[in-house]
Amino acid sequence: MKGVAAPPLRAAAPRGLCTDCGVSRMADHAACGRACQFIAPDYPALEAKVHGRGRDPARPDELHFGPFLRMARARLAEPLPGAQWTGIATRLAERLLETGAVDAVLTMAPAEDDRWRPVPVLVTRAEGMAAVRGMRMGYAPLLALLEPAAAAGHRRIAVIGIPCQVYALRAIEERLGFESITVVGTPCSDNTTTENFHGFLALLSDAPQTITYLEFRADYTVELRFQNGTKRLIPFLDLPISRLPRDFFPLTCRTCVDYTNVLADITVGYMGGQGEQWLIVRNERGERLLSLLEGEVVLATPGSAGKRAGPVKGFLANTLRAAGGLPLRRMPDWVRPIVSWLMPRIGPRGLEFARARVEMKAVETVVHLRREKPARMKSMIPAHVWSLVAPYGLAPDEREKRR
Ligand SMILES: Cc1cc2nc3c(=O)[nH]c(=O)nc-3n(C[C@H](O)[C@H](O)[C@H](O)COP(=O)(O)OP(=O)(O)OC[C@H]3O[C@@H](n4cnc5c(N)ncnc54)[C@H](O)[C@@H]3O)c2cc1C
Ligand code: SF4
Ligand code: SF4
């Protein structure tokens, strides 16, 4: 495909908690110590650097979603075929390339032999973005492209990345010497290796190789699409989660501390969108970026309904059981269809669903680190995560407190 390149990358240096964001493959691989979300992240400092301020306590949603100027429900008036949702992430990057605002976009293409495996690519033409639409499961060394991008003479770049990649990028961006870096972030949670993900697909279908699309939707169902054009919705409660091996989700993805990509210029997700996409415009650069889609994107005020406290408490109880090696509490079979019917109607919806998911992720971080890497807690858990879990009775002891 013209305008899409996958340059050869150095080997990764061995690391402990690591999602191979690419920093360990750079010339200065020791930069991991400063750059890594899993070592000693400093969100307040980076939020102030990127957005000009930290989270404002007077704007309560910033505790959950990070600093922002505005949020919106959104969709492209003409959805892009093959996109995960309507293709806002792709279209933003296309517009940046079309208008000459950037010379190259760093993002993930599907591997030639496996649509689910992400491969880091440099896209230098707008038409190349069509090849990278949609979601891959897994992580790959996106930031290892920074050096090849600079060597190719690109001065203004855009990066589409998940939170653990964007944190590291922000921590090292000054040293890279680019004229500008525009960041389109997506939320990310419950990621795993592509190999593990294939195991999950095999539990969902007798013909997993024919699944072309999977999404955890905000209406409490997983949507699957197949090669023959058919579609299937599976209620969350019917997912075979209890049949997954204990290490299905790596510790990194059970304990990372940024669900909504708080250091992006704009976050493009779906959690708060009630069936549409959800945009978090975080700073002036993000605002300028969104203005590139004028006339193409339909925006609305996000809704919010239901109450999150009950579901988050239930999640905490189940996470404690699972982390302790006990089986998850399963509902009797006859109750499940009733609850599956009720959840999209009375459960948390819109922004309340997004708040619930962010709190659940914070709960997981504390419970799993406490059990598996307690010594990491004082350096890895930012203050905002403790604030998110405080209503559920989780608080740091002396050894766990941030120093
Ligand atoms: C592993 C994962 C988990 C996610 N979990 C959530 C979630 O819980 N809640 C939520 O609101 N949103 C989540 N998202 C984001 C969501 O799936 C959509 O990507 C987002 O809403 C953008 O949709 P779109 O139609 O605009 O994307 P598209 O226009 O289809 O573009 C998607 C972009 O994402 C890039 N991409 C795809 N796979 C990966 C990957 N594995 N790593 C890095 N970049 C990738 C593509 O290269 C492409 O540039 C997740 C994304 C990933 C990759
Ligand atoms: S995730 Fe990135 S910064 Fe962290 S150890 Fe791995 S390569 Fe280094
Ligand atoms: S869940 Fe967290 S650690 Fe895992 S890939 Fe996503 S952002 Fe990175």
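Only the coordinates and a few stated rules stand behind these numbers; no lab work does. Worth saying up front: this structure is predicted, and the values here are computed from it rather than measured. Heads up, the Cβs are rebuilt from the backbone with ideal geometry, glycines too, and the neighbour counts pull from every protein chain shown.
Here are the numbers for the structure shown:
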item	result
Least to most buried among CYS164, CYS253 (fewest other Cβ within 10 Å first)	CYS253, CYS164
Cα-based convex hull, segment 194-248, per residue volume (Å³, whole number)	87 Å³
Ranked list, fewest to most other Cβ atoms within 10 Å of each Cβ, for HIS154, HIS198	HIS198, HIS154
Surrounding net charge for PRO110, when Lys and Arg each add one and Asp and Glu each subtract one, Cβ distance under 10 Å	+1
Least to most buried among TYR43, TYR139 (fewest other Cβ within 10 Å first)	TYR43, TYR139
Approximate shape of segment 118-176 as ellipsoid semi-axes (Cα gyration tensor, √5λ), whole Å, largest first	19, 16, 9
Pairs of Lys in the chain closer than 29 Å at Cα, counting only those 8 or more apart or on different chains	14
Translational D in µm²/s for the chain (Stokes-Einstein at 10 °C, 1.306 mPa s, Kirkwood Rh from C-alpha pairs)	73 µm²/s
Selected from ARG349, ARG357, ARG175 as most flexible by GNM, with the chain as the system and alpha-carbon contacts under 10 Å	ARG175
Bridge type composition, the chain - antiparallel percent by DSSP, nearest 5	75 percent
Between segment 33-84 and segment 209-248, the alpha-carbon center distance in angstrom	27 Å
Given charges at Cβ of Lys, Arg, Asp, Glu: the chain dipole, positive-most of LEU316, THR260, SER379	LEU316
